[in-house]
Amino acid sequence: MNRRSDEGNITVSFFQGMVLSIALGHLLLVSLGAVYKDFPGNNPVSAGIQWYSKASGADSSYGFFAPRVGSKVRTIFDSIDGGGVKTTNLRLEKDSGREAAIRLGGFYDEFTSKEAEEDPEFRQQLGATLAAAIFTEHPEAVQAVLHLEEYDPVSMEAYRQGERSSWEEIYQATFARIEEKPSP
Amino acid sequence: MNHRAMSEVSRHIFTGRFAALQEFCFKPASAEPLGFFRLGLSAVLLLQAWLLYPVFLEFSSAAGLVQREVARALVDPSLPTLNAAAGLLISWGLSEASALYFLGSCYVLSLGALLLGRGARCWALLAWYLHWCLVNTGYSGAYGADMYAHIFLFYLIWLPAGDAYVLGRWAKPVWSWQACLGIRVLQVHMGLSYLVSGVEKASGEMWWNGEILWRSLNMPGYSFMDFHWLAAYPLLPTLLGLATLVIEIGYGLAMSYGRTRRWWVVATCGMHLGIAVFLRLPIFGLLMCVPTLALFREKTLQH
């Protein structure tokens with residue numbers, strides 16, 4: 001409990017001093033996280049502090065819509081059944097609301113991440129997981145063709161001069177259903 | 001001025017500043033802002049849980065949209081998930097879906113209890129842990145709203161947010177130095193996050209010429225109507241972009257002064273509500289109004 005001294009000032013107890021020190025340490029970690037820095041060091045104490053930063057969210061950065069807004073990515077699938085009949089324009093987005101769409105959009109963005117750009121196999125794995133969802137929804141399909149499309153809005157100046165934005169295909173991959181053999 | 005007089009002056013300045021710092025951090029304050037913060041946060045997160053309920057399994061189960069192997073590659077392996085707890089429930093005979101629904105229900109229950117306020121710290125601990133696990137289980141596609149929710153729930157474990165607006169003793173907030181320090185830490189955190197966010201935005205040309213709003217509002221999936229007409233009035237998105245920079249960079253400073261505080265609360269909440277409506281980010285927009293409304297009202301600053 002803090003007390004008032006004779007002059008009317010608040011005196012700070014040892015416990016309060018400790019709590020304030022912890023709070024200041026926490027805010028220091030928040031500052032480091034805000035500028036994309038990890039707590040330095042490669043020893044158990046540093047590892048513990050780094051884990052605390054994750055647990056408390058102090059490692060977060062705050063660059064929303066900064067410094068720019070990139071392009072938007074979406075996927076469209078074609079499915080082909082055993083008879084060769086093609087169904088086009090299949091989407092994974094359902095009418096499940098904006099919160100779900102934001103999350104799915106976050107997954108689509110992984111296709112254009114640095115890791116996916118550098119590792120075609122990883123990009124293919126991302127596509128395969130979505131193709132599996134298409135196969136589940138369309139049991140008749142034996143093949144699914146993924147079209148990854150990007151939308152990059154033109155500038156205001158370009159728009160005034162008549163340019164228009166559109167979805168451009170940036171990646172395509174075909175996935176085949178693998179039939180599970182019945183166990184003997 | 002001789003040496004003795006100078007040291008006397010500096011002693012007065014130092015002790016005066018130290019006293020001000022002591023008062024800033026430890027002068028007993030009402031827990032009412034923290035209670036309001038708890039109410040707002042849990043209400044918004046309950047709304048988010050309700051909105052995500054229909055697609056919960058699509059994002060969290062092994063049979064969902066993102067296969068577990070791929071999800072593992074996208075999530076930090078050192079972070080906790082619900083897999084162990086779900087695995088235990090599955091070993092007791094539950095299906096994966098039932099186990100995940102049970103754990104999701106525990107999260108919703110903890111938020112409901114947090115809203116009511118009794119035993120707030122314990123419920124905050126449970127809500128924080130389950131929220132963290134849910135975000136790392138499967139592929140959650142966590143974004144800004146989840147990040148702030150994680151930060152705010154962690155604070156609620158430590159702050160006396162259950163000392164106000166509690167069922168049964170609604171109108172009797174407790175006064176304590178812990179409430180004062182907690183409010184100050186949250187205020188500094190918010191000021192810092194807005195400052196960094198604003199400076200990072202200002203480093204990009206798009207925030208100075210209106211292109212950022214033009215692009216965001218015309219990005220498919222974001223806008224609820226056609227905003228291409230903005231190209232004919234470039235001054236409007238330019239001014240809105242500049243206003244965002246001013247609000248965010250000036251947040252900490254403007255909230256420190258009584259004359260500007262009220263205007264900044266209105267401007268900041270207006271900005272977030274604008275994001276909620278025009279960029280169709282209602283959870284993020286509402287969530288970000290909560291700390292500003294809770295921590296910077298006139299009542300909050302009165303000891």
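The values are calculated or read from the model by the stated rules, or taken from the named source; none is laboratory data. Computed from a predicted model, the values in this text were never measured in an experiment. Every residue, glycine as well, gets a Cβ built from its backbone with ideal geometry; the counts of neighbours run over all protein chains shown. Quick note on the areas: whole protein, heavy atoms, side chains included, nothing else; ligands and nucleic acids left out. Shrake-Rupley method; radii C 1.70, N 1.55, O 1.52, S 1.80 Å.
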* Any hit, region B:135-155, residues being more than 10 Å from chain A (Cβ to nearest Cβ), open to solvent by 20 Å² or more (accessible area, probe 1.4 Å) and closer than 21 Å to residue B:76 by Cβ -> yes
* **Enumerated helices (runs of 4 or more DSSP H) restricted to region B:48-93, each holding at least 3 residues that are more than 9 Å from chain A (Cβ to nearest Cβ) and open to solvent by 40 Å² or more (accessible area, probe 1.4 Å)** => B:83-91
* **Residue in region A:67-122 that is surrounded by the fewest Cβ atoms within 10 Å (Cβ to Cβ), counting only those that are of a type in the set (S, T, N, Q) and within 30 Å of residue B:194 (Cβ to Cβ)** => A:113
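Any chance region A:127-139 includes a residue that's among the charged types (D, E, K, R), within 14 Å of chain B (Cβ to nearest Cβ), within 19 Å of the chain's Cα centre (by Cα) and surrounded by fewer than 18 Cβ atoms within 10 Å (Cβ to Cβ)?
Quick first cut of region A:127-139, residues among the charged types (D, E, K, R) only: A:137.
Narrowing further to those that are within 14 Å of chain B (Cβ to nearest Cβ): A:137.
Keeping just the survivors that are within 19 Å of the chain's Cα centre (by Cα) gives none.
Looking for residues that are among the charged types (D, E, K, R), within 14 Å of chain B (Cβ to nearest Cβ), within 19 Å of the chain's Cα centre (by Cα) and surrounded by fewer than 18 Cβ atoms within 10 Å (Cβ to Cβ), one finds none in region A:127-139, hence no.
If only one of A:61, A:13, A:31 is modelled with pLDDT under 90, surrounded by 11 or more Cβ atoms within 10 Å (Cβ to Cβ) and not charged (D, E, K, R), which one is it? Before you say what the answer is, go through the steps one by one.
On the way: A:61 fails: modelled with pLDDT under 90; A:31 fails: modelled with pLDDT under 90.
Selected residue: A:13, the only one of A:61, A:13, A:31 that is modelled with pLDDT under 90, surrounded by 11 or more Cβ atoms within 10 Å (Cβ to Cβ) and not charged (D, E, K, R).
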* **Options B:30, B:60, B:95: the member that is of a type outside the set (A, V, I, L, M), touching a strand residue (DSSP E or B) at 6+ places or on another chain (Cβ under 8 Å) and modelled with pLDDT of 85 or more** => B:30
* Answer yes or no: is there a residue in region A:41-50 that is surrounded by 14 or more Cβ atoms within 10 Å (Cβ to Cβ) and part of a helix (DSSP H, G or I). => yes
* Asked: Where in region A:66-184 are there strands (runs of 3 or more DSSP E), lying fully within it, with 2 or more residues that are farther than 30 Å from residue B:47 by Cβ and of a type in the set (Ser, Thr, Tyr)?
  -> A:86-90, A:167-176
* Residues of region B:284-297 satisfying the condition of being within 14 Å of another protein chain (Cβ to nearest Cβ) and either within 16 Å of residue B:252 (Cβ to Cβ) or surrounded by fewer than 23 Cβ atoms within 10 Å (Cβ to Cβ) (or both) -> B:285, B:286, B:288, B:291
